[in-house]
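A short write-up of the structure that comes next.
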Amino acid sequence: MIDRRGFIMASIAAMLPAAASAAQRAPQPAPRTVDYGPARLDVYAPDGAKNLPVVFFVHGGAWRFGNRSQVGSKPDFLLANGFVFVSIDYRMLPEADVATQASDVEKAYAYARANIARYGGDPKRIVGMGHSAGCHLIALTAMRGGLPGVAALILDDTRAYDLAALSRKGGMVRAYARVFSDPAQWAALSPASYVDGRTHPPTFIAYSRASGRGEESKAFAERLRAAGTKVRLFDGSAYTHMSINRDFGQDGDALTAAAMAFLKATVG
């Protein structure tokens, strides 16, 4: 039996613009790895790429784990659909605190923006994307102005948009309590702190059924909208926290279809 939510999501996916399926995708070249200073990043680009939009990806891992190779189907899918893809490493806790991680993301973005044209990417059409801890970091750096010229954002499943509000709701537990142990830093490390009075790029926000993700994502979306930002909110409650990232780029995935529609509307 197909549940109602699954039926609705499948219907939405069917109505959105078609993307290259796995069967249609030609094998893509291996990434080119470069050192941007604090760490390394991988650039995936189709052969003969010229002036293509770029997806700049920051991986998750609770700010302690993960690496730039954890990209799943994203590179093959995005390259087959006319994008360049960049995936970055950043220094992990406990070596580097979250503020340092955010600085690493900004340095990686600055390197990509300055050099992406040589790989066939368009520096004026870079989309910042992140999952989990990477979602928090891409949101934080973009909201505070650390990603100059970024064309759009895809924010995939975090609770860390407003740390003080999260604490008031009892959500500062487990990984969050360890990572954000100093309340004096909460405002500076909260993307929501930088929303009001600033201009922000079009933003796609997705959330899974993991605890609190929907509530925090909706609150952040409303705050952005109130500040005049164009926001697309995706109900991903059919996904787990892991599958909402892992399934991106797979055939028939509803989030992928919605994100592609967003990308086509914002960066072509």
Inset, instruction - Identify the residue in the range 219-266 that is in contact with a helix residue (DSSP H, G or I) (Cβ under 6 Å, 6 or more places away or on another chain) and of a type in the set (Gly, Ala, Ser) and, among all such residues, is nearest to His136 (Cα to Cα). - result: Gly236
Inset, instruction - Considering every residue within the range 145-161, establish whether at least one is hydroxyl-bearing (Ser, Thr, Tyr), modelled with pLDDT of 95 or more, touching a His at 6+ places or on another chain (Cβ under 8 Å) and farther than 14 Å from Trp63 by Cα. - result: yes
Inset, instruction - Would you mind stating whether Val71 is closer than 27 Å to Val179 by Cβ and at pLDDT 95 or above? - result: yes
Inset, instruction - Output yes when any residue across the range 224-247 is touching a residue at least 12 places away in the same chain (Cβ under 8 Å) and within 16 Å of Phe83 (Cα to Cα), and no when none is. - result: no
Inset, instruction - Among what's in the range 103-161 and is among the acidic types (Asp, Glu) and touching a residue at least 60 places away in the same chain (Cβ under 8 Å), pick the residue that is nearest to Pro46 (Cα to Cα). - result: Asp122
Legend entry - Elements of type strands (runs of 3 or more DSSP E) in the range 111-218, at least 2 residues being surrounded by fewer than 21 Cβ atoms within 10 Å (Cβ to Cβ) and in contact with a helix residue (DSSP H, G or I) (Cβ under 8 Å, 6 or more places away or on another chain): 121-131
Inset, instruction - Have a look at Phe65, Phe77 and point out the one that is more than 20 Å from Pro123 (Cα to Cα), surrounded by fewer than 19 Cβ atoms within 10 Å (Cβ to Cβ) and modelled with pLDDT of 95 or more. - result: Phe65
Inset, instruction - Please verify whether the range 116-131 includes one or more residues that are of a type in the set (Phe, Trp, Tyr) and in contact with a strand residue (DSSP E or B) (Cβ under 7 Å, 6 or more places away or on another chain). - result: yes
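The values are calculated or read from the model by the stated rules, or taken from the named source; none is laboratory data. As the structure is a prediction and not an experimental result, all values here were calculated from the model. Cβ coordinates were reconstructed from backbone atoms using ideal geometry, including for glycine residues, and neighbour counts include every protein chain displayed.
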